[in-house]
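Here the structure comes first, spelled out in structure tokens, and everything after it is commentary.
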Amino acid sequence: MEKLVLRRMARTGEEMLLNFGPQHPATHGVLNFLVDTDGEVMRRAVPDVGYLHRSIEKIGELVGYPGFMPYTDRVDYVAAMFANEGYALAVERLLGLEVPPRARWLRAISCELCRIASHLISTGTMAADLGAYTPLLHAVRERETLNDLIEALCGARLTYCYHRIGGVAFDLPSGWRDRALAFLDHFDTLLVEWDRLISFNHIFVKRLAGVAVIDRGRAIDYGLVGPNLRGSGVDWDIRRDAPYGAYPAFRFDVPVGRGFRGRTGDCFDRYYLRVLEMGQSSRIVREALETLPDGPFMAKVPRKIKPEPGEAFSRVESARGEMAYYVVSDGTDKAYRVHIRTGSFMAMGIIEDLSPGLMVADLVALIASLDVVAPEIDR
């Protein structure tokens with residue numbers, strides 16, 4: 001960044017240094033990019049992060065193990081269920097705690113519904129960023145129905161705190177299963193309508209196909225995860241390849257980028273993978289509701305959680321890819337160390353490398369295709 005500022009002092013008048021953010025609507029949060037541009041063509045775009053830093057990892061070391069669970073919702077407020085589960089898994093491994101089958105199924109159901117809600121926001125706002133506002137209204141409409149379902153399940157619509165150390169907070173309410181299945185019946189037909197509405201719209205495809213291509217090797221080198229990694233043709237999904245919870249019991253496909261309308265690893269592949277993943281999440285929720293075991297939804301957890309000294313690592317397949325927790329216990333009721341690895345933070349690293357030669361308008365498409373959220377970057 002200092003080199004970029006020094007270059008500005010030696011300019012000939014043909015280049016400009018612009019702040020793309022931190023209040024730009026296309027960044028979807030307080031993110032900033034220092035854009036070195038020659039007219040409409042970018043020479044480079046350097047992420048300038050830190051506007052949302054809240055010391056959340058340090059908070060995890062200052063409060064008790066159960067007390068940190070509500071804070072995990074703030075790691076990714078668009079897909080908070082995954083942040084809940086990742087932390088719960090790490091602490092459960094420290095305790096050597098076995099989670100009841102019904103709780104594992106309920107975690108999968110809540111997480112996959114949350115994945116759909118997150119991808120609806122991602123794909124809807126991406127269309128809006130590129131000039132198509134109507135798809136966003138369709139996406140928000142469906143997400144509101146999902147929010148109603150999740151609120152009936154756990155009492156919250158955004159920061160859920162539904163998963164707990166040892167299980168989940170509540171069992172399924174009466175009639176909830178039928179409501180969920182009715183929504184999925186409707187949603188599966190909506191996905192077909194969604195493709196007709198925006199996915200294969202000629203202008204939308206032109207804005208995304210062949211733009212900001214990330215090849216397989218570069219995606220791996222930069223540590224990309226989730227749809228950003230699979231969009232580059234890497235067939236890797238933690239739910240299947242490093243299974244946890246109830247996922248080994250479910251059958252589902254893992255969509256992989258293959259140049260649906262342009263080249264493998266372009267903005268369109270990353271976008272369309274999220275559309276396909278919503279269909280697979282619907283499939284998982286259906287199967288989980290059909291096979292939901294009986295029994296308790298919470299394990300017997302000590303009133304005062306004080307794991308033996310040691311360390312535990314967990315990872316879950318969040319809406320933005322791998323979310324990992326590293327928790328160290330020193331034998332007290334508070335963690336000695338909490339570290340969180342997120343998909344958005346890893347995705348930000350590749351933007352500077354991809355930006356040279358792109359149009360300024362393409363930066364909007366690139367940011368949207370990576371589906372970054374600010375709280376996952378600044379922890």
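The values are calculated or read from the model by the stated rules, or taken from the named source; none is laboratory data. These numbers were taken from a predicted model, which means no experiment stands behind them. For neighbour counting, all protein chains shown are included, and Cβ atoms are generated from backbone atoms with ideal geometry for every residue, glycine included. For the accessible areas, the whole protein counts, side chains as well, though only heavy atoms, and no ligand, DNA or RNA atoms are used. Shrake-Rupley method; radii C 1.70, N 1.55, O 1.52, S 1.80 Å.
Scanning region 318-332 for residues that are in contact with a strand residue (DSSP E or B) (Cβ under 8 Å, 6 or more places away or on another chain) and of a type in the set (S, T, Y) turns up Y325, Y326, S329. All of G167, G155 fail the test of being free of Cβ contacts under 8 Å to residues at least 24 places away in the same chain and farther than 20 Å from S282 by Cβ, apart from G155.
Restricting region 12-29 to residues that are among the hydrophobic types (A, V, I, L, M, F, W, C) and open to solvent by less than 40 Å² (accessible area, probe 1.4 Å), the residue that is modelled with the lowest pLDDT is A26. Within region 119-137, not a single residue is acidic (D, E) and open to solvent by less than 10 Å² (accessible area, probe 1.4 Å). Does P47 satisfy the criteria of being open to solvent by 50 Å² or more (accessible area, probe 1.4 Å) and touching a helix residue (DSSP H, G or I) at 6+ places or on another chain (Cβ under 9 Å)? No.
Of all the numbered requirements in (1) under 14 Å from the mean Cα position of the chain (by Cα); (2) under 22 Å from C111 (Cβ atoms); (3) at pLDDT 95 or above, L292 misses one, and that requirement is (1). The criterion of being surrounded by 19 or more Cβ atoms within 10 Å (Cβ to Cβ), of a type in the set (D, E) and touching a residue at least 12 places away in the same chain (Cβ under 8 Å) holds for E112.
Of all strands (runs of 3 or more DSSP E) completely enclosed by region 266-379, which ones contain at least 3 residues that are open to solvent by 50 Å² or more (accessible area, probe 1.4 Å)?
310-318, 335-341
State all residues of region 164-185 that are in contact with an Asp or Glu (Cβ under 8 Å, 6 or more places away or on another chain) and under 13 Å from R102 (Cα atoms); if no residue qualifies, say none. The answer is G166, and nothing else.
Of all residues in region 70-86, those that are under 18 Å from H53 (Cβ atoms) and among the small types (G, A, S) have Cβ atoms under 7 Å from Cβ atoms of residues that are open to solvent by less than 10 Å² (accessible area, probe 1.4 Å) and not in a loop (DSSP other than H, G, I, E, B), 6 or more apart or on another chain, in A83/T72; A83/M323. The residue list Y71, Y87 contains one member that is closer than 30 Å to A368 by Cβ, open to solvent by 40 Å² or more (accessible area, probe 1.4 Å), of a type in the set (F, W, Y) and assigned to a helix (DSSP H, G or I), which is Y71. For G131, state whether it is more than 21 Å from the chain's Cα centre (by Cα) and more than 21 Å from A288 (Cβ to Cβ). Yes.
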